[in-house]
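Read-outs throughout are calculated quantities, based only on the coordinates presented, and are distinct from any laboratory measurement. What you are looking at is a predicted structure, and each value in this text was computed from that prediction instead of being measured. Cβ atoms come from the backbone with ideal geometry, glycine included; neighbour counts cover every protein chain shown.
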Amino acid sequence: MDIQNAINIAKKTRLNACADKYFVGACLVTPDGKHYSGCNIENDGIQSICAERTAFVKALSEGERNFSYIVVVGGFKDTPILERCLPCGYCRQFMSQYVDTNFKVYACFGENDTVEEYSISDLLPHSFSL
Ligand code: ZN
């Protein structure tokens, strides 16, 4: 799956967010081209789930253990995606346990789908691991 296709899926999935203000979509892609989408699912009473972890949990629960990259798009509801949306600290730590050093995080934003590429170590140097 090419990145533009994953961007389109992330944008579409973003619209499913269960949130009041900020809508995030993610598309997690495996080496064999499968993808798992996710959106943020917010909740008044307990910890909300970010789009990135939603995608990972879906994939992991289906038995996937190899991941190539994830695309993340986010912005305020009913507005264009103008700024980059990078994974939060919780998601960075979560993802770091399930990916290798080749894994990429792509933040997509702007009218022309500007894409920025990050490695997990860019986003989370010196991560915790057992
Ligand atoms: Zn997060």
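Please determine, by comparing only the residues of segment 45-61 that are surrounded by fewer than 10 Cβ atoms within 10 Å (Cβ to Cβ) and assigned to a loop (DSSP other than H, G, I, E, B), which one is farthest from the ligand (Cβ to nearest atom). Working first, answer last.
Of all residues in segment 45-61, those surrounded by fewer than 10 Cβ atoms within 10 Å (Cβ to Cβ) come to 45-47, 61.
When the remaining residues are screened for being assigned to a loop (DSSP other than H, G, I, E, B), the result is 45-47.
Numbers: GLY45: 18, ILE46: 15, GLN47: 10 Å.
Only one residue fits best here, namely GLY45.
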Starting from segment 87-102, take each residue that is at negative phi and list its partners that are more than 10 Å from the ligand (Cβ to nearest atom) and of a type outside the set (Phe, Trp, Tyr), counting only C-beta distances under 6 angstrom and pairs at least six apart or across chains. ARG92/LEU123; ARG92/LEU124; SER96/ILE120; SER96/LEU124; SER96/SER127; VAL99/ILE120
Here are the criteria: (1) among the β-branched types (Val, Ile, Thr); (2) touching a helix residue (DSSP H, G or I) at 6+ places or on another chain (Cβ under 7 Å); (3) more than 24 Å from ASP122 (Cα to Cα); (4) more than 15 Å from the ligand (Cβ to nearest atom). Tell me which single one THR79 does not satisfy. (2)
Restricting to segment 83-105, and then to whatever is farther than 24 Å from GLY63 by Cβ and surrounded by 16 or more Cβ atoms within 10 Å (Cβ to Cβ), can you tell me which residue is farthest from the ligand (Cβ to nearest atom)? ARG84
